[in-house]
Amino acid sequence: MTAIKDALSETVDGLGNELEALSHRIHANPELGYQELKASAWLSEFLQAKGLKVERGVAGVETAFRATLETGEGPTIAILCEYDALPGIGHACGHNIIATSGAGAGAALAAVKDRLPKGRIQVVGTPAEEGGGGKIRLIQGGVFNEVDCAIMIHGFDRHLLHQDLLGIVRVTFDFTGKAAHASADPWEGINALDAVIQTFNAISMLRQQVRPDARIHGIITNGGSAPNIIPEATSAVFYVRAASLDYMWEIYRRVVACAEGAARATGAELRVTQGEMVYEPLKRNQTLLDLFKANLERLGVKEEEPIPDRLGSSDIGNVSQVIPAIQPLIKVAPTGTAIHSRAFAGAAVTPLARQGLLVAAKAMAMTTADLLASPAVVRQAKDEFATAR
Ligand SMILES: [Zn+2]
Ligand SMILES: [Zn+2]
């Protein structure tokens, strides 16, 4: 295994310029979720050229792909790529690095194919992480049915093996009132904006009584049309997040009750629309994390201090609820640079990002090789998954 790992590392270094160029090309052409036509095509072409068998549009999702490398009967390990960007601020989540490190790992494994233990490697292109729930559609489409374990990385301002992710459910409240002249005969109206404001006030009060890892945050998407009209139609969107699904649904019910109370108090009608894509919390898998950690250490990378309160959400959480999956965070930006900021978008194409990209590709390739070599460890990861909360 030492010789194979050395070969994987050398291959990734040899691909360094090509991977960095691909990363920069994706970064310079940011595409929103489910519109990642260029990125998915470039990644597919790259993987095909390196000898993987590529299927485009898997699970009926146009910008998803699966690139397979097969060496015989054995475990199936998936390496996941994301490549969607954010509206307005482009690749401020650094998905260009996730994409190219995953592709780099696949290419390196293909280069040592003859020496690899038996099994199947799938580099899976998963669109629309930023709210679109691409991985949920791939789960529903059966893409992970035959996969034993999944690995992906995310760029960050430090190296961390595991960071909790919160479950998230989105909800839209539409209130319908009755329009009236706001000065001449306001008593004829039913104020749908009052219902929105009451909802915000009630949720603000609720917030004191929720656990510290829960998050409730909303915006008003329609607040009326003119100050001289009692608003007849208003809308607000809220995100509800928590570390466990049970607690997320409990808070969700209480948030909906706040809107119902506001409707009752103002006389407005309420329509509640629950968002389709519910992101689930990340289920930790120590077996996979230990393998990844050993490979990072082999590459001279040490884990840094965690940040307990910086909590986001991702659809990798949903994958981790159906099979063992990990998402280590790899340093690609100076310490203190927050994701979803313009500074992070800038950092995602620096020499530090290249360093992170190559470390990530090597560690994912090595961890995949470890898993192919040891079906017993794959079983251990699955046993841990079955018994974990
Ligand atoms: Zn993001
Ligand atoms: Zn991201």
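Amide H to amide H, with H built 1.01 Å from N, Leu165 comes under 5 Å of Leu282, counting only residues 5 or more places away or on other chains.
List the trypsin sites (Lys or Arg not before Pro) within the stretch 88-144 that fall in a DSSP loop (any state other than H, G, I, E or B) and whose Cβ has at most 16 other Cβ atoms within 10 Å.
Listed in order of number, the matching sites are Lys118.
Would you work out if the stretch 42-201 is rounded, prolate or oblate? Take a ≥ b ≥ c from the square roots of the eigenvalues of the alpha-carbon gyration tensor; rounded if a/c is under 1.5, else prolate when a/b is larger than b/c, oblate otherwise.
Numbers: a/c = 3.23, a/b = 2.91, b/c = 1.11.
Prolate, because a/c is 1.5 or more and a/b exceeds b/c.
How big is D, in µm² s⁻¹, for the stretch 1-80 by Stokes-Einstein at 37 °C and 0.692 mPa s if Rh is the Kirkwood radius over C-alpha pairs?
Numbers: Rh = 14.4 Å.
In µm²/s, the coefficient rounds to 227.
The GluC sites (Glu not before Pro) found in the stretch 118-227 that occupy coil by DSSP, while having at most 14 further C-beta atoms within 10 Å, are Glu146. Take the alpha-carbon centre of the stretch 209-263, take the same for the stretch 140-191, and report the distance between them in whole Å. Cα centroid to Cα centroid, the span is 10 Å.
If each DSSP helix of 4+ residues adds -39,500 (n - 2.57) and the sum is divided by the residues in the chain, what number results at 222 nm, nearest 500 deg cm²/dmol?
Values: 12 runs with 161 residues, N = 389.
Calculated at 222 nm, the ellipticity per residue is -13000 deg cm²/dmol.
What the phi angles of the stretch 273-281 give under the Karplus curve with 6.51, -1.76 and 1.60, with θ = phi - 60°, is a coupling list of 10, 6, x, 5, 8, 9, 8, 9, x Hz, glycine and proline written as x. The length gained on full extension between Gln286 and Val272, counted as 0.36 nm times the residue separation minus their Cα-Cα distance, comes to 1.1 nm.
Each listed q (0.06, 0.09 Å⁻¹) maps to a log10 I(q)/I(0) for the chain from the Debye sum over equal C-alpha point scatterers, namely -0.27, -0.56. The stretch 52-110 and the stretch 322-378 have Cα centres spaced 13 Å apart.
Please give me, ordered by residue number, the GluC sites (Glu not before Pro) of the stretch 239-306 that lie in loop per DSSP and have at most 13 other Cβ atoms within 10 Å.
Numbers: sites: Glu250, Glu260, Glu269, Glu276, Glu297, Glu303, Glu304; in loops: Glu276, Glu303, Glu304.
Here the sparse-neighbourhood loop sites are Glu276.
Computed from Cα positions, the angle between helix 192-207 and the longest principal axis of the chain comes to roughly 60 degrees. Extension gain, Ala343 to Ala184, is 52.1 nm, computed as 0.36 nm per intervening residue step minus the present C-alpha separation. Structure remark: mean-square fluctuation, Gaussian network model of the chain, C-alpha springs under 10 Å; the largest value among Leu161, Leu352, Leu291 belongs to Leu352.
Using θ = phi - 60° in the Karplus curve 6.51 cos²θ - 1.76 cosθ + 1.60, the 3J(HN,Hα) couplings for the stretch 231-247 round to x, 9, 9, 9, 9, 9, 10, 10, 10, 10, 10, 7, 6, 10, 5, 4, 5 Hz; x is entered for Gly and Pro.
Of Ala265, Ala226, Ala376, which has the largest mean-square fluctuation in a 10 Å C-alpha GNM of the chain? For the chain, modelled as a Gaussian network with Cα springs under 10 Å, the answer is Ala226. Computed from the Kirkwood radius of its Cα pairs, the Stokes-Einstein diffusion coefficient for the stretch 167-274 at 25 °C and 0.890 mPa s stands at 174 µm²/s.
Going from the residue with the fewest nearby Cβ atoms within 10 Å to the one with the most, Glu20, Glu280 rank Glu20, Glu280.
Counting DSSP beta bridges in the chain, what percent are antiparallel, to the nearest 5?
On the way: 38 of 53 bridges.
Looking only at bridges with both residues in the chain, the antiparallel portion is about 70 percent.
Converting phi to 3J(HN,Hα) with the Karplus coefficients 6.51, -1.76 and 1.60 and the offset θ = phi - 60°, the stretch 91-105 yields 8, 6, 10, x, 5, 4, 7, 4, 4, 7, 6, x, 5, x, 4 Hz in sequence order, with x at every glycine or proline. In this calculation the C-beta distance from Gln208 to Leu32 is compared with R0 = 35 Å, giving a FRET efficiency of 0.45.
Computed extension gain for Asp13 through Gln48, at 0.36 nm per residue and net of the alpha carbon distance, reaches 10.7 nm.
Read-outs throughout are calculated quantities, based only on the coordinates presented, and are distinct from any laboratory measurement. Note that the structure is a prediction, hence the values are computed from the model and not measured. Here the Cβ is made from the backbone with ideal geometry for all residues, glycine too, and neighbour counts use every protein chain on show.
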